[in-house]
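Colleague: Structure in structure tokens, see below.
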């Protein structure tokens, strides 16, 4: 076989090799997490998809999916290498009512997201950490919920991750498995209020469909850009319109 023919054969072999790409979703049973999984499964971008759940869920998925059930997230560090991934999507989120106490709320919305990011710092293939927080995230906020979200963002920024993408929706619209009392009322109210806000160009507090947040997270991951970027509702909508 001549040199040129050998080169052609090598090119064919290289093109036939499927590039591996891994994703991990923590919080895949929630509103955004479930929609994110659906969006990921519709594409061939990821060859390995790991779901980290507290309990098994009834989902139809393909052979790319691996489920890790961890009943107590306090023990996340015991599953260290199982949580390694190139792209880590954190869709964890709770409420004070659901959590039952400030300490448990902080675990769900601050401690656990931070722990997964720290564990992946040991992963040589780690590329991006993508997380849903809140438009009002601020350590100095008058609201405890937003304070915790702000503390989470601040702690993640201090890690100097190779890629940190923070998605800040205001009110999420969509059908939750469990209804949150405040959101049931505000789902209607915010849709009435957000229309004039859009006209005025005040994008930060637009209501947004959870499906748009999920698709935006996937689009950003597929763009494979490094660095830290924040996305508000308007930016997420624009991402999904490309």
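The values are calculated or read from the model by the stated rules, or taken from the named source; none is laboratory data. Keep in mind that this is a model prediction, so the values were computed, not measured. For neighbour counting, all protein chains shown are included, and Cβ atoms are generated from backbone atoms with ideal geometry for every residue, glycine included.
Colleague: Across the range 69-94, what is the number of residues that are loosely packed, with under 11 Cβ neighbours inside 10 Å and in a loop (DSSP other than H, G, I, E, B)?
Modeller: Number satisfying all stated conditions: 2.
Colleague: Let me ask you something else. Among the numbered conditions (1) out of contact with any helix residue (DSSP H, G or I) (no Cβ under 6 Å at 6 or more places or on another chain); (2) at pLDDT 95 or above; (3) assigned to a loop (DSSP other than H, G, I, E, B), tell me where residue 154 comes up short.
Modeller: Unmet for residue 154, out of (1) out of contact with any helix residue (DSSP H, G or I) (no Cβ under 6 Å at 6 or more places or on another chain); (2) at pLDDT 95 or above; (3) assigned to a loop (DSSP other than H, G, I, E, B): (3).
Colleague: Separate question: From the list 66, 97, pick out the single residue that is surrounded by fewer than 20 Cβ atoms within 10 Å (Cβ to Cβ) and either assigned to a loop (DSSP other than H, G, I, E, B) or in contact (Cβ under 8 Å) with a residue 40 or more places away in the chain (or both).
Modeller: Working: 66 fails: either assigned to a loop (DSSP other than H, G, I, E, B) or in contact (Cβ under 8 Å) with a residue 40 or more places away in the chain (or both).
Answer to the selection: 97.
Colleague: Counting only residues that are more than 19 Å from the chain's Cα centre (by Cα) and closer than 21 Å to residue 130 by Cβ, how many does the range 62-76 have? Let's see the steps before the verdict.
Modeller: Going residue by residue through the range 62-76, those that are more than 19 Å from the chain's Cα centre (by Cα) are 62-63, 71-72, 74-75.
Filter once more, keeping what is closer than 21 Å to residue 130 by Cβ: none.
The total comes to 0.
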